[in-house]
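The values are calculated or read from the model by the stated rules, or taken from the named source; none is laboratory data. Remember, predicted model here, so these are calculated numbers, not experimental data. Neighbour counts are summed over all protein chains in view; Cβ atoms, including those assigned to glycine, are modelled from backbone coordinates with ideal geometry. Side chains are part of the model used for accessible areas, which takes the heavy atoms of the whole protein and leaves out ligands, DNA and RNA. Shrake-Rupley method; radii C 1.70, N 1.55, O 1.52, S 1.80 Å.
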Amino acid sequence: MESYVKGNYRRTIFQSEQGYTIALLKVQEASEDFSRFVGKTITFTGYFPELNEIDTYILKGKISVHPKYGEQLDVSEFEKALPEEKDAIVEFLCSDIFKGVGKKKAEAIVKVLGKDTLSIILNQPSDLILIDGVSEKLANDLHNTLLRYEESYEVILKLSDLGFSTKDATFIYTKYKQKTLPIVEEDLYQFFYNLKEMSFKKIDYIARKEGMEKLDLRRVKAAIIYVLQELTFQTGNTYSSLEEIHYYLSKVLEEEVSTSLLKDAITSLEEDLELTVKENRYYLTNLYEDEAYIASRLRMLAHRTKSNYEVDTILEDIQKESQITYNEEQKEAIKKAINSSVLVITGGPGTGKTTIIEAIEKLYKMLFRYDYIELNRRLVLLAPTGRAAKRMSEKAIVNASTIHRFLKWNKETDTFSINEYNKSDAEFVIVDESSMIDTSLMASLLRGLSASCKVIFVGDSDQLPSVGPGNLLRDIIASGEIETVSLHALYRQGEDSNIISFAHGIREGKFLEGDLNRGNDLLFDLQSSENILNEICDFARDFKKEDSFQVLAPIYKSPCGIDAINKALQEIFNPKSVTKKEIMIGDTLYREGDKVIQLLNMPDENVYNGDIGFIKQIKNGKKKEIYINFDGNLVRYTPASFQKFKSAWAISVHKSQGSEFDVVVLPVVGLYRNMLYRKLFYTGVTRAKKTLVLIGEKQAIQKAIQNTSQVERKTTLEDFLKNGIN
């Protein structure tokens with residue numbers, strides 16, 4: 001017989017908005033293998049629409065061990081049994097579920113109807129009127145209440161029968177309640193449109209299994225949205241052409257779509273506000289609205305009357321106090337930041353962007369005579385990643401934060417608590433590493449700021465654009481509508497200037513072989529692709545004692561790709577040992593002491609995409625757990641979250657954005673082909689603080705520097721900023 005426990009719910013320890021629950025059950029009976037729990041209260045977890053103390057629940061699943069809650073039942077299936085004994089039925093009718101039924105009336109009803117009370121209320125409510133004291137209204141109320149009460153479990157059962165997991169079924173019901181089944185009948189794809197957790201492929205599989213035709217209009221419409229989502233994710237474009245949509249649509253549907261059906265579907269999607277079409281540009285409506293909002297908000301700030309604070313004297317005092325002399329470009333940036341409502345400060349490495357941010361803070365504090373508490377309330381420093389925010393905080397007066405944390409991101413609902421209806425009271429915001437911000441995040445940030453809030457964007461426009469759609473910093477600068485201070489003069493001079501000089505040469509498309517091996521900070525090792533991995537390992541042994549050694553590569557799969565490098569470096573930095581536990585996740589072996597990188601934001605754990613940590617402990621018994629140390633922040637991972645991190649002895653150049661490392665090893669070989677282009681190479685080079693090691697071929701370096709032909713992203717922010725929104 002299948003493993004189960006049966007008993008009464010006692011109380012909830014935790015419940016998320018999506019229905020994930022940790023609660024207690026008093027066990028009355030159980031299968032033989034769970035018999036030890038009979039008469040005891042156990043913790044159970046799973047997805048439930050609602051729970052109450054009246055019901056008896058039958059829970060099926062597996063036992064696991066939690067470090068805090070001990071043994072608990074991870075529920076895979078459940079059912080609810082209505083009360084059967086007369087006393088239990090009386091207690092049930094007296095509960096808060098039924099309004100207007102006291103104990104005496106409940107006893108009177110059960111005395112007449114007996115054990116069949118609940119069945120009669122459901123199926124023959126008119127019989128209740130024969131009972132003294134029960135009106136027609138009360139009979140109908142009892143019937144409707146019990147019907148609604150039963151409905152949730154019937155709906156979940158129906159969704160499960162269709163092919164949804166218990167988790168998905170509970171999540172859907174929690175969102176739609178009594179509207180769930182009508183949506184199932186009308187258009188299953190509504191779940192795909194409105195619930196981020198429901199993928200097109202999941203819904204499409206169920207819809208097709210239930211007999212939906214390949215070219216049903218509902219299916220074609222959903223597939224168009226899916227195609228647009230995939231195109232924006234893969235390309236970074238904020239819109240697509242009709243030809244692109246048509247081409248990929250036929251592939252997704254595995255059927256040729258006629259032009260007339262395509263147009264009908266697009267017209268319907270426009271009416272549903274899922275799609276926006278402007279001059280043969282096809283946008284997901286949320287992306288169109290985000291680009292339009294960013295443009296209108298920045299134009300408003302740009303046309304606001306500037307302040308005219310005289311700050312020369314204060315700036316002189318700051319220079320004396322800090323023992324720094326600002327060059328003219330830096331002074332211009334600092335003064336304009338104080339007097340403008342919106343400003344962009346852009347420049348390559350060594351041009352003093354961090355120094356400027358620190359000066360703006362000090363100037364702002366002294367100008368308005370704020371103490372540190374007030375300064376932290378009024379001035380906000382932000383960055384897109386945790387590592388970038390941490391670097392920003394190291395030299396700043398004010399504590400920096402990620403944008404997600406500042407906006408109070410709710411991971412359960414994927415929404416921000418700081419938004420257009422609940423704005424921040426900050427009056428001055430400085431955003432570093434602005435090239436990394438995508439369209440949606442930028443729009444969310446601006447919506448969360450008051451209309452009077454000043455915004456300064458700091459970043460390097462020659463670095464890679466955001467992972468998500470958009471090309472924000474480039475578009476803002478190219479529009480000419482937002483005042484921009486470009487920094488060119490090198491501020492950092494000294495022993496590390498070879499890396500900086502090399503990086504500035506890359507920006508200008510110059511490659512001088514004399515730049516290589518000029519000093520100890522910029523090394524070049526000529527190697528063919530066949531020898532790259534061995535040479536990387538040799539350098540790893542040489543720099544093993546460095547605090548921050550990082551290999552950056554552009555691709556994962558190849559003999560000298562990220563996966564192969566990680567496997568080789570693991571044996572150098574963290575070799576197998578009887579004292580270190582190991583675990584296989586997919587095709588990757590992890591062991592205690594391994595270096596890993598976070599792939600997704602987990603704000604509740606204070607760990608963000610791009611953060612790098614080390615595996616502290618692996619528990620590899622019945623209950624698998626991994627504990628990762630991120631600079632003193634110990635984060636627990638379970639199998640459900642194992643995919644949120646990856647080996648990090650080598651990482652991609654994209655993942656390195658916002659970070660700096662003492663030693664960077666950058667392989668550059670012809671094998672990387674279309675990944676050899678200027679912005680990618682430049683971004684990798686500028687991650688090095690003390691030493692940059694280039695391993696590979698001079699021809700590949702030359703190609704990377706000269707190649708500016710990477711596909712430009714299709715966006716409309718520049719146009720919207722120049723010409724307004726039509």
Checking 613, 586 in turn, the sole residue that is under 30 Å from residue 675 (Cα atoms), surrounded by 22 or more Cβ atoms within 10 Å (Cβ to Cβ), of a type outside the set (Val, Ile, Thr) and out of contact with any helix residue (DSSP H, G or I) (no Cβ under 6 Å at 6 or more places or on another chain) turns out to be 613
Filtering region 277-328 for residues that are without any contact (Cβ under 8 Å) to a residue 60 or more places away in the chain, basic (Lys, Arg) and not in a loop (DSSP other than H, G, I, E, B) leaves a count of 1
Considering region 123-140, residues that are of a type in the set (Asp, Glu) and open to solvent by 60 Å² or more (accessible area, probe 1.4 Å), and then whichever is modelled with the highest pLDDT, we arrive at 136
Taking the stated definitions as given, is residue 443 farther than 30 Å from residue 681 by Cβ and of a type in the set (A, V, I, L, M, F, W, C)?
-> yes
Exactly one of 712, 718 is of a type in the set (Asp, Glu) and either assigned to a helix (DSSP H, G or I) or in contact with a strand residue (DSSP E or B) (Cβ under 9 Å, 6 or more places away or on another chain) (or both), and that one is 718
Of the residues in region 397-422 that are touching a Lys or Arg at 6+ places or on another chain (Cβ under 8 Å) and not in a strand (DSSP E or B), the one that is farthest from residue 380 (Cα to Cα) is 414
In region 434-452, anything open to solvent by less than 20 Å² (accessible area, probe 1.4 Å), assigned to a loop (DSSP other than H, G, I, E, B) and not small (Gly, Ala, Ser) is listed as 437, 449
Checked 4, 69 against criteria (within 20 Å of residue 621 (Cβ to Cβ), of a type in the set (Ser, Thr, Tyr) and open to solvent by 20 Å² or more (accessible area, probe 1.4 Å)); the one match is 69
Picked from region 329-342 (must be assigned to a helix (DSSP H, G or I), touching a residue at least 60 places away in the same chain (Cβ under 8 Å) and not aliphatic (A, V, I, L, M)), the residue least open to solvent (accessible area, probe 1.4 Å) is 330
Is there a residue in region 338-346 that is over 19 Å from residue 481 (Cα atoms) and at pLDDT 90 or above? no
For region 574-583, state whether one or more residues are more than 31 Å from the chain's Cα centre (by Cα) and surrounded by 12 or more Cβ atoms within 10 Å (Cβ to Cβ).
yes
The lone condition residue 394 fails out of (1) under 20 Å from the mean Cα position of the chain (by Cα); (2) assigned to a helix (DSSP H, G or I) is (1)
Restricting attention to region 589-610, the residues that are part of a loop (DSSP other than H, G, I, E, B) and either over 21 Å from residue 384 (Cα atoms) or open to solvent by less than 70 Å² (accessible area, probe 1.4 Å) (or both) number exactly 8
(1) within 22 Å of residue 675 (Cβ to Cβ); (2) at pLDDT 90 or above; (3) open to solvent by 30 Å² or more (accessible area, probe 1.4 Å); (4) in contact with a Lys or Arg (Cβ under 8 Å, 6 or more places away or on another chain) all hold for residue 567 apart from (4)
The one condition residue 23 fails out of (1) part of a strand (DSSP E or B); (2) more than 27 Å from residue 640 (Cα to Cα) is (2)
**Asked** Residue check: is residue 519 over 15 Å from residue 663 (Cβ atoms), modelled with pLDDT under 85 and either in a helix (DSSP H, G or I) or open to solvent by less than 30 Å² (accessible area, probe 1.4 Å) (or both)?
**Response** no
Being open to solvent by less than 10 Å² (accessible area, probe 1.4 Å) and either out of contact with any Ser or Thr (no Cβ under 9 Å at 6 or more places or on another chain) or aromatic (Phe, Trp, Tyr) (or both) narrows 482, 456, 476 down to just 482
Note on region 438-475: residues of a type in the set (A, V, I, L, M) and modelled with pLDDT under 95 are 451, 464, 467
(request) Could you tell me whether any residue of region 276-294 is within 15 Å of residue 362 (Cα to Cα) and at pLDDT below 95? (result) no
Matching residues in region 534-558 (within 19 Å of residue 693 (Cα to Cα) and in contact (Cβ under 8 Å) with a residue 60 or more places away in the chain) number 15
Report task. Taking residue 219 as the residue in question, decide whether it is open to solvent by 80 Å² or more (accessible area, probe 1.4 Å) and either free of Cβ contacts under 8 Å to residues at least 60 places away in the same chain or outside any loop (DSSP other than H, G, I, E, B) (or both). Result -> no
Flagged in region 48-65 as of a type in the set (D, E, K, R) and at pLDDT 80 or above, in numbering order, are 60, 62
Filter region 348-388 for residues that are assigned to a loop (DSSP other than H, G, I, E, B) and over 30 Å from residue 500 (Cα atoms); the one that is least open to solvent (accessible area, probe 1.4 Å) is 370
Scanning region 617-650 for residues that are of a type in the set (Gly, Ala, Ser), within 21 Å of the chain's Cα centre (by Cα) and farther than 14 Å from residue 588 by Cα gives 640, 641
Across (1) under 28 Å from residue 470 (Cα atoms); (2) touching a helix residue (DSSP H, G or I) at 6+ places or on another chain (Cβ under 7 Å); (3) open to solvent by 10 Å² or more (accessible area, probe 1.4 Å), residue 189 clears everything bar (3)
Of the residues in region 134-182, those that are in a loop (DSSP other than H, G, I, E, B) and out of contact with any helix residue (DSSP H, G or I) (no Cβ under 6 Å at 6 or more places or on another chain) come to 135, 164, 165
Residue 181 meets each of (1) open to solvent by less than 70 Å² (accessible area, probe 1.4 Å); (2) at positive phi; (3) not aromatic (Phe, Trp, Tyr) with one exception, condition (2)
_Could you go through region 235-256 and let me know if any residue there is farther than 24 Å from residue 191 by Cβ, touching a His at 6+ places or on another chain (Cβ under 9 Å) and surrounded by fewer than 14 Cβ atoms within 10 Å (Cβ to Cβ)._
no
Checklist entry - Looking at this structure, is residue 196 out of contact with any His (no Cβ under 8 Å at 6 or more places or on another chain), among the basic types (Lys, Arg), modelled with pLDDT under 90 and within 30 Å of residue 121 (Cβ to Cβ)? => result no
